[in-house]
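The next block holds one structure in the form of structure tokens; read it before the comments.
The values are calculated or read from the model by the stated rules, or taken from the named source; none is laboratory data. Model, not experiment: these values are computed from the prediction. All Cβ positions, glycine included, derive from the backbone under ideal geometry; neighbour counts span all protein chains shown. The area values use the complete protein model at the heavy-atom level, side chains included, leaving out ligands, DNA and RNA. Shrake-Rupley method; radii C 1.70, N 1.55, O 1.52, S 1.80 Å.
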Amino acid sequence: MTTSLSAPRVAIIGAGIIGLSCAWELARRGAHVTLYDSGFHPGRGASWAAAGMLAPAYEAAGEPGANPKLFDLCIESARQWSAMSATIRAATKRDVLHAIGPSLAVAQTADDQTRMAGLAKALTARHVAFDVLSPAEAVEAEPCLRAGNRGALRLPTDGQVDNRLLVDALIRALEQHEQVAFVKGTAPLDLAQGKIVLDGFDRVVLAAGWETARVVAGGSALGEIAPVLREIEPVAGHMLAFNHLPDGPVMTLRCGALYIVPKAGRVVVGASVEPGETRTQIDWEAIRRLEAAAQALCPMLKRATIIEAWRGIRPGTPDHAPMIGPLGQTGALIAAGHYRNGILLAPVTAQIMADMILDGKTSALAEAFSPARFAAATA
């Protein structure tokens with residue numbers, strides 16, 4: 001069964017932040033959407049484990065091998081965040097606590113200073129505003145910082161959202177939408193002559209995070225696309241939360257891979273980087289290392305208590321950037337592999353997906369994240 005192109009029936013496989021956001025944008029623009037998720041609670045994977053950072057500036061320098069257009073995608077999505085949070089609030093009467101910066105990138109060591117200099121150079125080249133703070137100015141801006149820091153960059157573009165409130169609000173909004181349905185369980189996908197099909201739907205979107213390759217049964221029948229799906233690899237990470245203290249941090253702090261993110265009632269700290277790891281069991285030695293690193297940056301956290309610890313699994317790719325777009329000649333689309341920027345990139349990913357499915361259009365920026373870039377590499 002199919003419908004007119006103006007109101008297609010779309011199946012989205014995966015109800016994390018990317019699947020939920022795509023469903024929200026598609027439904028708002030007239031599509032009929034069914035979300036399939038095999039988890040006990042939708043949205044409780046990487047989206048729930050995240051810190052909710054919206055940090056395009058901190059991504060400017062990038063990791064070695066990062067997609068050269070990733071920063072542009074991050075900046076564009078950050079611009080869309082105010083509109084997204086406003087529409088969610090209007091639909092649900094729930095505030096997802098979207099805050100527009102600033103954040104502080106802090107140096108503790110000579111290596112940190114070198115990285116900060118590279119970050120400042122990248123931001124200057126891209127005409128993104130920032131302030132250079134001396135060690136004393138950094139402590140003045142964020143009094144919980146260690147007095148012996150080596151300076152900081154204040155990043156007005158880098159804010160945050162409460163990712164758990166966001167997930168819950170999106171699920172509530174979608175449950176109330178007459179053109180959206182949730183199905184708990186595995187989608188009965190079929191493969192027919194290299195096509196990914198699901199009876200009753202015009203389009204299928206694969207958005208199952210690091211498990212995206214697993215949702216396509218008999219993946220070997222997909223030919224050149226199977227290796228592309230396998231490019232999405234798990235990257236586990238430990239995180240913890242301290243209880244809130246009155247003199248605790250008031251803005252997000254970054255120092256290398258460490259981040260400290262104040263939330264309502266808690267302070268989130270992360271994150272380790274564990275490529276290839278799929279276990280969610282907690283390694284308490286990793287948690288203690290995170291605790292010590294956070295306390296070294298903000299000594300007042302020695303008075304705080306760990307109230308939660310967890311291990312999430314991010315969906316990584318070789319260039320640390322998502323796959324967004326048609327999956328070869330399979331007829332399906334993919335929106336997965338967002339690594340550590342899933343929350344930040346949710347609005348722009350949803351917009352790209354909706355434009356492709358409803359209007360048949362794309363952009364030069366979207367093309368930079370086509371899964372075809374990996375098909376060419378594996379051919």
inquiry  = When you scan the range 355-373, do you find a residue that is of a type in the set (F, W, Y), open to solvent by 10 Å² or more (accessible area, probe 1.4 Å) and within 21 Å of the chain's Cα centre (by Cα), even just one?
reply    = no
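For every residue, the table says whether it meets (1) buried (at least 20 other Cβ atoms within 10 Å of the Cβ); (2) over 25 Å from L104 (Cβ atoms).
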residue: E178; (1), (2): no, yes
residue: V183; (1), (2): no, yes
residue: P188; (1), (2): no, yes
residue: L206; (1), (2): yes, yes
residue: L222; (1), (2): yes, yes
residue: I232; (1), (2): yes, yes
residue: T252; (1), (2): yes, no
residue: C255; (1), (2): yes, no
query = Quick one: which strands (runs of 3 or more DSSP E) sit completely within the range 164-273 and have at least 3 residues that are within 18 Å of A11 (Cα to Cα) and over 23 Å from the mean Cα position of the chain (by Cα)?
reply = 190-192, 195-197
request  = Pull up the range 32-49, narrow it to residues that are open to solvent by 30 Å² or more (accessible area, probe 1.4 Å) and in contact with a helix residue (DSSP H, G or I) (Cβ under 7 Å, 6 or more places away or on another chain), then point me to the one that is nearest to A187 (Cα to Cα).
outcome  = P42
note = With criteria (1) exposed (fewer than 15 other Cβ atoms within 10 Å of the Cβ); (2) among the aromatic types (F, W, Y); (3) within 25 Å of L54 (Cβ to Cβ), Y259 comes up short on (1)
message = Scan the range 311-328 and tell me whether some residue there is part of a helix (DSSP H, G or I) and touching a Phe, Trp or Tyr at 6+ places or on another chain (Cβ under 7 Å).
response = no
request  = Any residue in the range 292-315 that's in contact (Cβ under 8 Å) with a residue 40 or more places away in the chain: show its pairings with residues that are open to solvent by less than 20 Å² (accessible area, probe 1.4 Å) and of a type in the set (V, I, T) at Cβ separation under 6 Å, as long as the two are six or more apart or on different chains.
outcome  = A294/I260; A294/V269; A309/I287; R314/V235; P315/I232
inquiry  = When you scan the range 115-133, do you find a residue that is closer than 24 Å to V161 by Cβ and among the charged types (D, E, K, R), even just one?
reply    = yes
remark   = Listed by first then second residue, the pairs whose first member lies in the range 253-274 and is closer than 19 Å to P315 by Cα, whose partner is among the aliphatic types (A, V, I, L, M) and in a strand (DSSP E or B), with beta carbons under 6 Å and at least 6 positions apart or on separate chains, are G270/M239; A271/M239; E274/A236
task = Please name all residue pairs, on different chains or six or more residues apart, with Cβ atoms under 6 Å, provided the first residue is in the range 7-32 and is in a loop (DSSP other than H, G, I, E, B) and the second residue is open to solvent by 20 Å² or more (accessible area, probe 1.4 Å) and of a type in the set (D, E).
result = P8/D202; A15/D37
query = Only one residue in I352, I334, I343 is under 21 Å from the mean Cα position of the chain (by Cα), in a strand (DSSP E or B) and not acidic (D, E). Which one?
reply = I334
query = Pairs, please: C-beta under 9 Å, at least 6 apart or cross-chain, first residue closer than 14 Å to I324 by Cβ and in the range 70-84, second surrounded by 21 or more Cβ atoms within 10 Å (Cβ to Cβ) and among the aromatic types (F, W, Y)?
reply = L70/F369; L73/F369
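Hey, could you check the range 128-140 for residues that are among the small types (G, A, S) and surrounded by fewer than 17 Cβ atoms within 10 Å (Cβ to Cβ) and say which is farthest from A57 (Cα to Cα)? Spell out the reasoning first.
Step one: of the range 128-140, the residues among the small types (G, A, S) are 129, 134, 136, 138.
Those left that are additionally surrounded by fewer than 17 Cβ atoms within 10 Å (Cβ to Cβ): 129, 134, 136.
Numbers: A129: 9, S134: 19, A136: 23 Å.
Filtering first and then ranking leaves A136.
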